[in-house]
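Worksheet: the structure to be examined is printed underneath.
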4 protein chains.
Amino acid sequence: MNFNDKQAIYLQIADYVCDKILTAEWRPEDKIPSVRDLAIELQVNPNTVMRAYEYLQQLEVIYNKRGIGHHVAPDAKGVISGFRKQLFFENELPQLFKNLELLNIGFGEIQIRFDNYLKSSEKQQNENKQ
Amino acid sequence: MNFNDKQAIYLQIADYVCDKILTAEWRPEDKIPSVRDLAIELQVNPNTVMRAYEYLQQLEVIYNKRGIGHHVAPDAKGVISGFRKQLFFENELPQLFKNLELLNIGFGEIQIRFDNYLKSSEKQQNENKQ
Amino acid sequence: MNFNDKQAIYLQIADYVCDKILTAEWRPEDKIPSVRDLAIELQVNPNTVMRAYEYLQQLEVIYNKRGIGHHVAPDAKGVISGFRKQLFFENELPQLFKNLELLNIGFGEIQIRFDNYLKSSEKQQNENKQ
Amino acid sequence: MNFNDKQAIYLQIADYVCDKILTAEWRPEDKIPSVRDLAIELQVNPNTVMRAYEYLQQLEVIYNKRGIGHHVAPDAKGVISGFRKQLFFENELPQLFKNLELLNIGFGEIQIRFDNYLKSSEKQQNENKQ
DNA sequence: GTGGTCTAGACCACC
DNA sequence: GTGGTCTAGACCACA
């Protein structure tokens, strides 16, 4: 967690959890780490983890079984994808296009960098498998 | 100015000024509007404009002559481009790639949307010329 | 704080903080007083303290943890010394030499006054220890 | 003149005039440059030069003959020395000593640097004579 | 006219 | 509790 980032820590934690779910590291109905454990792992105040979990419950990404712990919601992946896609197409992409134009960056360069990204990404996955 | 945006107003003003410089509407050594004038134009408190100008001075995008006013720095365009490119390549682009991967969005779709963006952008410029 | 000094109050506060750090009264990673607390202690407006802290953050003398407070940066002492030495050798010392020459003041007199300064300084420290 | 310096321009001009007098480049009863001429030479607004001259008149460093111009006062050198010495001993020197102490700079180093300064100063004067 | 500083007081998000 | 932002209004020095 980055304590000096402009993004709130509880949102950083929520993103951390969402990434775990999107990459299927945590699957639907899986039990996710307890508030205390995650707080220790991420070196933050348990209240802050609690707030992130509450936020994710509200979004129906996770749910809580009293006395048992928090679990990944059945359609967590769909919900997260929905939110992120909206953010992506309505905010990030227009901003990207504006930058390409103002900074005189060609679309070709983006394509090349994306290809490189894919290659290094695949390579890393292969290494992890071995 | 967007008063409900999460981004601070003074940063929005700074971006507003940078855009004026990048599009060459304001050129190096030009005098830019006084704190009070811009405050009236943008309907904000003069202190808020002052804060934006202070921030831009620190970044060496503008400079101040005692009692005369603020002026566009000689290499303002280079400085702004530098900052924005760094932000673009180090944050926005990796974020884009990560999104494409996690959200299962094809690169082709981005390309189509960019072409559409360019068309509507050109169209608008032609309308402004007339 | 000296309200009639030509030097801005927020800069006086910044100097106050730097002196605390240089004398090791506040050490690296220590939490420094909150904006509101220092404002009460120094009898100034919290905004003024905030401005001093912003300035020091920009200089990387202190840093901020979200919701926790401001802390002395790891190399604060080095940073401050660097700035002050630069100011000293590039401005103050040439100014001193120019004065000695134009005002016909002998270097010996400076030496005598410095010895007296050291004596009174030591004396005061001894008194504080007791 | 430095338009971005914290010191007011009219004070910079006043210092400029005082230096000329202290170095005896301009002698008592000499006519000094007209407001217009000095304004052109220093690339500033004539009003600003006027303000500097008014300030120096008030200090009895220069005086004005109506329709003729400004002249160096008989005891200009004494007056200037007086002011500067006061500033020197009451402000600059204590500040210097405090810096030496906090920055751990030995007095010996100052002495060496002063000797070097004198040598280069003499050398330059010899060159100017030739 | 220009910027620069300061105050008082408010509201907000965050930990 | 912490900082961060904004407003309204004041005063000052400077060109």
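Where a number appears in this text, it was derived from the coordinates with a stated rule and is not lab data. It should be emphasised that the depicted structure is a prediction, and the values quoted were computed from it without experimental measurement. No Cβ is skipped: glycine too gets one built from the backbone with ideal geometry, and neighbour counts run over all protein chains shown.
Over the alpha-carbon set of the protein assembly as shown, divide Rg by the Kirkwood Rh and report the Rg/Rh ratio to two decimals.
Numbers: Rg = 31.5 Å, Rh = 29.4 Å.
Over the Cα atoms of the protein assembly as shown, Rg/Rh equals 1.07.
Evaluate the distance, in nm, between pseudo-label points positioned 7 Å from the Cα of A:Glu54 and of C:Glu101 along their respective Cα→Cβ axes. Placing both labels 7 Å beyond Cα along the Cβ direction yields 6.9 nm.
Label point of C:Gln43 (7 Å along Cα→beta-carbon): distances to the other copies' equivalent points are 4.2, 4.3, 4.6 nm, sorted ascending.
Take each peptide in A:108-115, D:14-21, A:58-65, count the other Cβ atoms within 10 Å of every residue, and average; sorted highest first, the result is D:14-21, A:58-65, A:108-115. Close Lys pairs in the range D:9-130 (alpha-carbon distance under 28 Å; sequence gap of 8 or more, or different chains): 21.
Chain D's nearest residue to the axis relating it to C, judged by Cβ and reported with the distance in whole Å, is D:Leu96, 3. Does the range B:48-130 come out rounded, prolate or oblate by the C-alpha gyration tensor, with a ≥ b ≥ c the root eigenvalues, rounded set by a/c under 1.5 and, if not, prolate when a/b is larger than b/c and oblate if not? Taking the square roots of the gyration eigenvalues as a ≥ b ≥ c, the range B:48-130 is oblate.
Summing +1 for each Lys or Arg and -1 for each Asp or Glu among the other residues whose beta-carbon sits under 14 angstrom from that of C:Glu109 gives -1. Inter-chain Cβ neighbour count for C:66-74, averaged per residue, equals 2 (cutoff 10 Å, partner chain atoms only).
Please compute, for peptide D:93-100, the average count of beta-carbon atoms on other protein chains lying within 10 Å of each residue's beta-carbon.
Mean shielding by partner chains, rounded to a whole number: 5.
Seen from B:Leu96, the other residues with C-beta closer than 11 Å to its C-beta sum to a net charge of -1, counting Lys and Arg as +1 and Asp and Glu as -1. From least to most packed, judged by other beta carbons within 10 angstrom and beginning with the fewest, A:Ile80, D:Ile40 follow the order D:Ile40, A:Ile80.
Taking each DSSP H run with n ≥ 4 as -39500 (n - 2.57) and averaging over every residue of chain C yields -19500 deg cm²/dmol at 222 nm. A point 7 Å from Cα along Cα→Cβ stands in for A:Tyr16, and the other copies hold the same point at 3.7, 3.8, 6.0 nm, listed in rising order.
Sorted from shortest to longest, the distances between the D:Glu127 label points of this copy and the other copies are 5.0, 5.9, 6.6 nm, with each point 7 Å from Cα along the line through the beta carbon.
Taking 37 °C and 0.692 mPa s as the conditions, I'd like the Stokes-Einstein D for the range D:29-91 in µm²/s, using the Kirkwood hydrodynamic radius from alpha carbon pairs. Reported coefficient: 261 µm²/s.
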